[in-house]
Structures are given as structure tokens and as C-alpha cells.
Amino acid sequence: MAAFYKMHGLGNDFVVFDARERGFALDEAAARLIADRRRGIGCDQVIVMERAKSGADAFMRIFNADGDEVESCGNAARCVAQLLIADKDQDGVRIDTRGGPLSCRDGGGGLITVDMGPPRFGWRDIPLSRETETAAFPLRAGGKEWIAAAVSVGNPHCVIFTENAEQVALAELGPQVEHHELFPARINVEFAHVIAPGRLRMRVWERGAGITQACGTGACATLAAAHRRGLSPRAADVVLDGGVLNIERRAVDDHILMTGPASLAFTGDVDLTVLESRA
């Protein structure tokens, strides 16, 4: 049996395992079983907290619902940070990920602030399959040519600004953009529009997970792309299907700060051999 926490950040939900003291072997097949909403526990991502080798408080492994292990997840970082802050009885923690280190602190009132580091705009950093001006480039999907932006915040994002993100056929366009030949590692897809200065609306198709209620790294990427294009100031509230994240692109060092809630839904134990037998 393995103990888990079921958590979410604005509806983007996770099954979190703490393997810092006791090893927990998880592969792609097991992650898919756990994430299955009909035959498993159900979640957008499966998270494993491991002992860090660098002096950080933990190393966070992230598996999407399709089983692929990915680099970073902002909403999951807030959830893991909340667990670590409570466990260590301190105001801040550092989490290592495949996408880089994340500094997290208690924001008060149930909020967690995560320093996501600076955004990266180089076409190789994202990565793209060919040299491209990432601030604005044409992208064809759904029989239409869009103007897209690309940015990495530890994981890859394609941000498309529209007149009204609510009217976008996300279930149709999301997978087309995710698997576009320009993105060799696939990509997370955000459709966004400006509500007002300092307020953006965003909907997301997550690579390997599909439509989710929120995406922390996607909100960071959207603010970074909007500020780069002159569509937003350095700080903005990003309105997601599941709620609002405050995102700031700090002038002093270009780091992106993400502030939002982390919520514990319930705890439990799972026997992976039982899941496997019912697959």
C-alpha cells in the first residue's frame, strides 16, 4: 500500500506521493492507472516527492495523465510546497524539478508564491523544430492561421492571443497545436485575451493531460508573452477556468512569481497491484 494526498490548485488536480523516506517506484504505466478517472484515483498529474540530491527540500517528479514524465508544473509546485512548509514548519522551501529549481514561500491566507525563474524565449530553449521569432509567428490549426508566441518556463508553451478565448474550440484545436510539427517535444497550449490592463483570460490544453481547469506554468507563460508583446504590464491577474492566479514578471531579475492557492481534498492509500489487476 502507498499513502497519497489528493490535492488541487484551482481545480488542476494531483495525486501526490511522498517518497522522501521510503522509495516509491512509479513508471508510465502505473501513472496512467493512477490518473485514470474511471479505474484509478483520477487526476491531471501524478506527483512523486523524492529526496533531493542538491540540498533542496525535495525533488518533484511529474507524470501527466498519459504517463509521460514532464519538466515542471506550477500548480503542483504550490501543492508540494504547502506539504513541505507544514512538514518542516518553516516559511519557505526549495523544490528541484527537471525544469529547474523552484523557490516557494507561504503567501498567507492559504496562498503559496513560487519563483518560477526567468522565462526563456530562444527557439532552441522551448524547443522548436526550426529557427523562429518566438514573440509572434504564424501557426496554422483548425483550418485557420493564428499568430502565436512561444515561451519556456521550465516546460514548453504556445500562447495564442484571440479576441475571445471563451469562443475557441479548445478540444479541437488543443491537440492539433500540441502535436504540430513545429514542436518536437509537443507543447502546452494557451488561448488568451486581454480583459483589461492587468487582467488576462486564459484557457489551457495541457500536453499529455488535455483540457484542465488551470495551469500554473501556462499562466506564467501567458503573462510573459503578453508583456513581451506590450499587451500587459509586468503583473496581472490571470483568470483561468478554475480561478485566478496572480503573476508578476519581476523587473529586477526577470523572474516570474506565481501566487495562488493549494488545496488538500483528501488522503488515502492505494494498492497498485489491485489497479493493475483491474486494468
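If you restrict to DSSP beta bridges whose two residues both lie in the chain, what percentage is antiparallel, to the nearest 5? Don't jump to the answer; show the numbers that get you there.
On the way: 65 of 81 bridges.
Bridges in the chain are about 80 percent antiparallel.
Using heavy-atom solvent-accessible surface (probe 1.4 Å) with all chains present, what is the largest-first order of Arg22, Arg98, Arg250, Arg207? List each step's numbers first, then the result.
Working: Arg22 180, Arg98 135, Arg250 65, Arg207 15 Å².
Descending order: Arg22, Arg98, Arg250, Arg207.
Ordered from highest to lowest accessible area with the whole protein assembly present and a 1.4 Å probe, Leu83, Leu264 read as Leu264, Leu83.
Note on the chain: with a GNM built from Cα contacts shorter than 10 Å, the maximum mean-square fluctuation among Arg130, Arg32, Arg94 falls on Arg130.
Taking GluC sites (Glu not before Pro) as candidate sites, keep only those in a DSSP loop with at most 12 other Cβ atoms within 10 Å, then name the longest stretch of the chain containing none of them. Longest site-free region, per DSSP loop and neighbour criteria: 22-130.
For the pair Asp91 and Glu145, the difference between a 0.36 nm per residue extended length and the Cα-Cα distance amounts to 14.8 nm. Ignoring aspartates and glutamates fewer than eight residues from Lys144 along the same chain, the ones with Cα atoms less than 20 angstrom from its Cα are Glu133, Glu163, Glu166, Glu172, Glu178, Glu181, Glu190. Mind jotting down the distance between the C-alpha centroids of the range 1-79 and the range 229-251, whole Å? Using only Cα atoms, the two centres lie 26 Å from each other.
Seen from every direction in turn and averaged, the convex hull around the alpha carbons of the range 147-243 projects onto 5.6 nm².
If only the Cβ of Lys and Arg carry +1 and only the Cβ of Asp and Glu carry -1, the dipole of the range 1-137 around its Cα centre is close to 180 debye.
Using the Cα centre of the range 168-279 as the reference point, and only Cβ charges (+1 on K/R, -1 on D/E), how large is the resulting charge dipole? Debye, rounded to the nearest 20.
Working: 11 positive and 13 negative charges, 109 e Å.
That gives a dipole near 520 debye.
Helix-only arithmetic for the chain: the sum of -39500 (n - 2.57) across DSSP H runs with n ≥ 4, divided by the residue total, places the mean residue ellipticity at 222 nm at -5500 deg cm²/dmol. Rolling a 1.4 angstrom probe over the protein heavy atoms with all chains in place gives the chain an accessible area of 42 Å² per residue. Remark on the chain: Rg and Dmax equal 18.0, 54 Å (Cα only).
The values are calculated or read from the model by the stated rules, or taken from the named source; none is laboratory data. Computed from a predicted structure; not experimentally measured. Neighbour counts run over all protein chains shown; Cβ positions are idealised from the backbone, glycine included. Just the protein is used for accessible areas: all its heavy atoms, side chains included, with ligands, DNA and RNA removed. Shrake-Rupley method; radii C 1.70, N 1.55, O 1.52, S 1.80 Å.
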